[in-house]
Amino acid sequence: MFSKILIANRGEIACRIIKTAKKMGILTVAVYSDADKDALHVHMADEAVYLGASPSRESYLVATKVIAAAKKTGAQAIHPGYGFLSENAAFCRACEQENITFIGPPVEAIEAMGSKSAAKNIMEKANVPLVPGYHGDDQNEHTLKQAADAMGYPVLLKATAGGGGKGMRQVWSEQEFSEGFAAAKREAMSSFGDDTMLVEKYLTQPRHVEIQVFCDNHQNAVYLFERDCSVQRRHQKVIEEAPAFSMSEFLRTKMGESAIKSAQAIGYQGAGTVEFLLDVDGSFYFMEMNTRLQVEHPVTEMISGQDLVEWQLRVAAGETLPKTQLELTINGHAFEARIYAEDPSNDFLPATGQLNLLKTPIESKHVRIDTGVRQGDEVSVFYDPMIAKLIVWDENREKALQRLAKALREYRINGVTTNIEFLYNLATTDAFKNADIDTGFIEKNHNAIFHQANDKQGNELFTKQLPIAALYLVLSLANKTKEQAALSNDPHSPWHITNAWRLNEPHSHSLILAYNDIEYAIIIEQKRQASASYYQITITGEGISTHTVDCQGEINGEKVTVTIDGHRSQSIISHNNNNISLYQEHGVFSFSQILPDHGQNQDDDNHGGLTAPMNGTMVSVLVTPGEQVTKDQPLVIMEAMKMEHTIKAPSDGVVDEIYFSTGDMVDGGTELLAFSSSLAQTENTEVK
Ligand code: MV4
């Protein structure tokens, strides 16, 4: 076994490999670029070698630098992870020439699988099932059209040089073939410089089911069952699961044995993945073989109990496979969700920023987090914007899915936009729960995932989500004020009452919440009937006439329990500054509270700040003269234009004087209180 290995990668996979190496007592060498000099994988490794500038082409992709680092540190083997140099035949050869073990397949296997058409030819000879079609050298249009006519429409034209979904064109009828063929060739020539085409039967609802295979250097080969990776967006996997739902033992064995045949056809060694298209009738067809450890390998580890990186190290060191096929069993069900710094509301554009809050679910035998970042790290533009892989396991699919939803609710990231809420909405759709999944899942369920107003959640927005969010804000303000009262020098002062009591007026709060960029004005009135108090919530906004809901509620930490029309429900709240996300059974609803600008953001020089935003009434005074306050602490609440406006401390400081009392009418622009900012140590700055 190796005593020291170099990991030629970064981020979560580098950290993941280091963890297993440490478990096995193997020393580790990390490599890093400028952007990664303080990265987690560098800190986890025993040694680290600087490669160069942040762009991968100047660092992680420079084979000579990586090999030089291995020689410099005496690493006997290099683990390439995935991506970067992991399927680079030249790099694999270079390692061998330097007597450094490449932890992966032989270079011949990498080369054999490098060309999609060559791979198909090899699999055809090995009697591995291929999608019915033609992928020969005769590129005469008539030849391909004859094949299409023979297999029946629809057919799929694919550029041999393409891949990952690029260079594919559907042809739905014989009449469309000629035009489709010409267009597909033009696109292939412009995209790949090669217009060689193949034509296949088009499977309209396929699933992407892949088999994990492992071969050692002693002619042993096993499959570690399947993963369903059909939930993809633009050929990027989003959520993967193992085992595939409704997979019979018969089909599992057939696909597993077919995958083994594929691997043996190319003299495979190490970890490999054979991707199949699984059709609705249970027939399956070879798509491609990946000669690296896949991103989604953890779901296989969770259901098989095997550490695939340990298997890789042992096989690369010449050992036999740790298990025989008969010793491998499936236990339970696992999901993996890929947490990305991207903005689903803006066509999933990658996002950058600083992870100034990174709170993860607690890890356990049910929850695993593979990540390469820590709180405070920057998500940079140089690399894939993956933040982490969230992997969950339980004894069956339903329980594992509940674990996934709960873990996503508990994942808190501020400072950079993420796809967490998109993942939560996807995982909590009925279609996903019912495993009604094929490669078109996201398109088919787009409205349910993105809560388009015309789906049923849209109607509940006014009867459920908005009232709950509004009530949460009022209740949390009351709780916060109680806490502050308890800490103040006069806890029982009437100034601390926030039930919006008014002389001869209903107790009402008002606020503005925006959802999907539409603003809703909400009035929350506290009422009493018989001995019970309740809230009457009135919503007005674009697309609705006034809508009133009577409800009762209570909050307990992040949980809000609300009873509306006799229906009591619970939601988990994520409240950060003015953003409130309401996690419910069927998705998450995110609102932003629109606070009027009182000019508090004006800089100190022109004394913006504690003035009345417009004519209105003093609703609550939350502080007392002489009280020490902190930045953004609510000081007074005013009502104007049926809206509630909370005036907050612009910085840490002291409230010197309060010019008005609850119920007073105030003209817009009038100074409400005198405030001395602790920022102005040398003088009392009266902030208007
Ligand atoms: C197909 C297909 C339907 N019929 N081939 C997409 C990328 C490449 N891996 C092969 N792909 C497909 N080939 C036939 N004859 C549908 C797809 C496909 C797909 C396959 C797996 C996972 C996601 C996909 C998304 C769109 C299309």
Residues of the range 344-381 being of a type outside the set (D, E, K, R), buried (at least 19 other Cβ atoms within 10 Å of the Cβ) and more than 16 Å from the chain's Cα centre (by Cα), in sequence order, are His366
Six or more apart or on different chains, Cβ under 8 Å: which pairs go from a residue in the range 545-567 that's outside the structural domain of Phe462 (by TED's automatic domain parsing) and touching a residue at least 12 places away in the same chain (Cβ under 8 Å) to one that's surrounded by 12 or more Cβ atoms within 10 Å (Cβ to Cβ) and outside any strand (DSSP E or B)? Could you list them? none
With (1) of a type in the set (D, E, K, R); (2) over 24 Å from Asn445 (Cα atoms); (3) more than 13 Å from the ligand (Cβ to nearest atom) as the list, and Glu241 as the residue in question, which single condition is left unmet? (2)
Enumerate the helices (runs of 4 or more DSSP H) found wholly within the range 382-468, keeping only those where 3 or more residues are away from the ligand (no atom under 16 Å from the Cβ) and among the aliphatic types (A, V, I, L, M). 397-410, 420-427
The residue from His79, His41 that alone is in contact with a Phe, Trp or Tyr (Cβ under 8 Å, 6 or more places away or on another chain) and closer than 23 Å to Pro385 by Cα is His41
Taking the range 540-597, which residues are in contact with a Gly (Cβ under 7 Å, 6 or more places away or on another chain) and crowded, with 18+ Cβ neighbours inside 10 Å? Val560, Val562
Which of (1) away from the ligand (no atom under 16 Å from the Cβ); (2) over 16 Å from Thr291 (Cβ atoms); (3) not in a loop (DSSP other than H, G, I, E, B) is the odd one out, the single condition His218 does not satisfy? (3)
Do we have Ile647 as on the phi < 0 side of the Ramachandran plot, modelled with pLDDT of 85 or more and touching a helix residue (DSSP H, G or I) at 6+ places or on another chain (Cβ under 9 Å) here? no
Those residues of the range 127-143 that are acidic (Asp, Glu) and in a helix (DSSP H, G or I) come to a total of 1
Could you tell me whether the range 258-265 includes any residue that is outside any helix (DSSP H, G or I), in contact with a helix residue (DSSP H, G or I) (Cβ under 7 Å, 6 or more places away or on another chain) and more than 12 Å from the ligand (Cβ to nearest atom)? no
Restricting the search to the range 253-284, which residues are under 31 Å from the mean Cα position of the chain (by Cα) and within 29 Å of His79 (Cβ to Cβ)? Met255, Gly256, Ala259, Gly270, Ala271, Gly272, Thr273, Val274, Glu275, Phe276
So is Ala271 part of a helix (DSSP H, G or I) and either surrounded by fewer than 23 Cβ atoms within 10 Å (Cβ to Cβ) or away from the ligand (no atom under 16 Å from the Cβ) (or both) or not? no
Look at Glu671 and say whether it is at pLDDT 70 or above, surrounded by 16 or more Cβ atoms within 10 Å (Cβ to Cβ) and more than 30 Å from Asn447 (Cα to Cα). yes
Counting only residues that are in contact (Cβ under 8 Å) with a residue 24 or more places away in the chain and surrounded by 22 or more Cβ atoms within 10 Å (Cβ to Cβ), the range 85-112 contains a total of 10
Checking the conditions here, which among Leu355, Leu308, Leu277 is in contact (Cβ under 8 Å) with a residue 60 or more places away in the chain and touching a helix residue (DSSP H, G or I) at 6+ places or on another chain (Cβ under 7 Å)? Leu308
Can you name the residue in the range 274-311 that is of a type in the set (Asp, Glu) and assigned to a loop (DSSP other than H, G, I, E, B) and is also nearest to the ligand (Cβ to nearest atom) among such residues? Asp279
Residues that are within 14 Å of the ligand (Cβ to nearest atom), among the charged types (D, E, K, R), surrounded by 23 or more Cβ atoms within 10 Å (Cβ to Cβ) and under 19 Å from Val392 (Cα atoms): does the range 228-235 have at least one? yes
Can you run down the residue pairs with Cβ atoms below 7 Å, 6 or more apart or on separate chains, where the first is in the range 317-337 and closer than 12 Å to Phe214 by Cβ and the partner is at pLDDT below 95? none
Restricting the search to the range 203-215, which residues are more than 7 Å from the ligand (Cβ to nearest atom) and either part of a strand (DSSP E or B) or in contact with a Phe, Trp or Tyr (Cβ under 7 Å, 6 or more places away or on another chain) (or both)? Arg207, Val209, Glu210, Ile211, Gln212, Val213, Phe214, Cys215
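The values are calculated or read from the model by the stated rules, or taken from the named source; none is laboratory data. This one's a predicted model, so the numbers in the text were calculated from it and none came from an experiment. Glycine gets a Cβ as well: all are built from the backbone with ideal geometry, and neighbour counts include every protein chain shown.
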